[in-house]
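Notes follow the structure.
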Amino acid sequence: MEDLSDVYNELIMEHSMNSYNKKRIENADFCKLGHNPNCGDEITLELKIDGDKITDMAFSGHGCAISQASTSIMIDTLKGKTIEEAKEIIKTFIGMIKREETNQEKLEKLEDAIAFKNVANMPARVKCALLAWHTIEDILNDK
Amino acid sequence: MDIENIKKDFPILENRKITYLDNGATTQKPIQVIKSIEEFYKKYNSNPHRGAYSLSIETTEEYENTRNKIAKFINAKQSQEIVFSKNATESLNLIAYSYGMENLKKDDEVVISIMEHHSNLVPWQKVVKLTSSKLNYMYMNDQFELSDEEIESKITDKTKIVGITHVSNVLGTINNIKRIIKYAHKKGAIVIVDASQSIPHMPIDVQDLDCDFLVFSGHKMLAPLGIGVLYGKKEILNKMTPFLMGGDMIEYVYEQETRFAPLPNKFEAGTQNVEAVIGLGAAIDYINNIGYDKIQEIENNIVQYAIAELSKLNYLDLYLTPNKENHSAVISFNIKGVHPHDVATILDTEGICIRSGNHCAQPLMRYLGIDSTCRASFYIYNTKNDVDKLVNALNKAYTMFKKYIVK
């Protein structure tokens, strides 16, 4: 396993404990609960979409630092993107965590979410990092 | 025998530089158990109860000797009352289906405690639905114990089955099962005891308890994975129909009908996990050799030390009864404001194995108003040094998180 500070870094800790994205959105267009029955992590994503653009996103729920921070940073990354752009970024993030995506150009599009790169070396925490990303993937695919 | 000598019997503790504090999930195995399995395959392997040749007869003898050993170990009247299963979960399912389904009528009640593991809870949900009976819960008080008032208000004349864990796998509470059994019998109910978390730590006497059923898993008491035990009173087991059908559980099979074998074979369909049965026998020998007195002396020392040391950490919430005599070798705790999975990950980097999560007890977690806990559970090879390592690692985790914790 990597050094702990590679995963529990400043950015992830800040987002996990005190996220400005943890709030409710009034009149959200989409709302979906994602949960991880093994560890009890639960997050609810709320989403506003205008045309083909994600205009607002927020989350509520509880879980470990990795799942909470991953959700919050995902919101920062995807807010303002088009649905197609978002889908591409989601694919890249999941690929990165599963160690399938190494294309540097693509990884750069993850912005802050690249901070979770080292979770790929922690099999026990992969699910935590992916929870929000799978949840939004479902929302966008079902849309 | 002292702890250092006991520790030497467990190769994994030498081979891996770990502090193993997840004994509530499964214990490590002593070399004596590991060797018994090797010896079985080198000298005895064949299918018991089948062959007319001497090798198979010897296998059968080994297999049945272990049954006798278990009967003696828990003081059953006779070895026919011992049935082998896959684990405690399978034993409980057997009871739920073969006893529960056939005996529960509309409006009857099944009573369990809020401390139950899902294995003594989910099967009952299904059986009460199918029989239109009801599932009621005994809740604990603020000392994490079941009070006499609670027991007497929940077990009523309508109660037909009481399922109770001897020791909670989350709280470590030792339930007063003898009292529960006595009261339930007065009300005409039968009692199933889940001894999975107690039998590794304390002697069990099924005749003294007068329980109707008792179940446990071998792997939590030094034996291999994949072997469980069901004890049932003979007169009750005799009236029950088999749970699984197939080979070795029959007397005569006709095209449309079957006459089942007598106890205990009628509950042991198909080729059993014989190597694990042999391993369980070796585990019982190992426990008997140390003796429960010694086991309890070692554990009390460690657990009381752990409680004292963890109590000093003011950033921890502890979930355990203040009554020392009612507490076993499991300690659940949380660093206030930090999720147990993060704590477990940080402890893992120090080689410390603890469990984090809901411990297959979601209704209990909900009742406690939490999602999950960290759980350290101890056994005979744990030392005070292990506790010190745990405390140091917790301090490290707290230091990492404290400036971010939202008060």
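Every read-out reported here was derived from the displayed coordinates using simple, explicitly stated rules and does not represent laboratory data. This one's a predicted model, so the numbers in the text were calculated from it and none came from an experiment. Glycine also receives a Cβ, built like all others from the backbone with ideal geometry; neighbour counts cover every protein chain displayed.
Percent of Cα pairs in the range A:4-142 per distance bin of 5 Å, from zero to the largest separation: 2, 11, 22, 25, 22, 12, 5, 1, 0.
Enter the mean projected area of the convex hull around the alpha-carbon atoms of the range B:291-401, in nm², rounded to one decimal.
If I average the Cα hull's projected area over directions, I get 7.1 nm².
With unit charges on the beta carbon (Lys/Arg positive, Asp/Glu negative), name the residue among B:Thr59, B:His118, B:Ser98 whose Cα is farthest towards the positive pole of the charge dipole of the range B:1-145. Result: B:Thr59, furthest along the dipole toward the positive end. Report, in listed order, any pair from B:Lys42/B:Lys234; B:Lys8/B:Lys336; B:Lys29/B:Lys154; B:Lys86/B:Lys233 with a Cα-Cα distance greater than 30 Å. Over 30 Å Cα-Cα: B:Lys42/B:Lys234; B:Lys8/B:Lys336; B:Lys29/B:Lys154.
Measuring nothing but how far apart in sequence close Cα pairs (under 8 Å, 6+ apart) lie, relative to its length, chain B scores a relative contact order of 22 percent. In whole angstrom, the protein assembly as shown maps to an equivalent ellipsoid with semi-axes of 45, 28, 25, each derived as √(5λ) from the alpha carbon gyration tensor and ordered largest first. Restricting the trypsin sites (Lys or Arg not before Pro) of the range B:1-86 to loop positions (DSSP other than H, G, I, E, B) with no more than 10 neighbouring Cβ atoms within 10 Å leaves B:Lys17.
The slack between B:Glu350 and B:Ile57, meaning 0.36 nm per residue of separation minus the straight C-alpha distance, is 100.5 nm. Treating each Cα of the range B:1-91 as an identical point scatterer and summing with the Debye formula, the log10 of I(q)/I(0) at q = 0.12, 0.15, 0.16, 0.23 Å⁻¹ comes to -0.58, -0.85, -0.94, -1.19. By the count of neighbouring beta-carbon atoms within 10 Å, fewest first, A:Met122, B:Met101 end up ordered B:Met101, A:Met122.
When the chymotrypsin sites (Phe, Trp or Tyr not before Pro) in the range B:243-291 are filtered for DSSP coil states and for at most 11 other beta-carbon atoms within 10 Å of their beta-carbon, the remaining sites are B:Tyr254. FRET efficiency for the B:Lys8 to B:Asn65 pair, using the beta carbon distance and R₀ = 25 Å, is estimated at 0.35. Under 10 Å, Cα contacts only: if you run a Gaussian network model on chain B, which one of B:Gly232, B:Gly51, B:Gly100 comes out with the highest mean-square fluctuation? With Cα springs under 10 Å in chain B, the top fluctuation among B:Gly232, B:Gly51, B:Gly100 is at B:Gly51.
The simple Förster model, with R0 at 35 Å and r as the Cβ-Cβ distance, assigns A:Glu100 and B:Lys402 a FRET efficiency of 0.45. Across peptide B:335-342, the mean count of Cβ atoms from other chains lying within 10 Å of each residue's own Cβ comes to 6. Here the simple spin-label model places points 7 Å from the Cα toward Cβ, and for A:Glu88 and B:Ile290 these points are separated by 6.1 nm. Pairs over the 31 Å Cα-Cα cut-off, from the set B:Lys69/B:Lys239; A:Lys127/B:Lys134; B:Lys182/B:Lys389: A:Lys127/B:Lys134; B:Lys182/B:Lys389.
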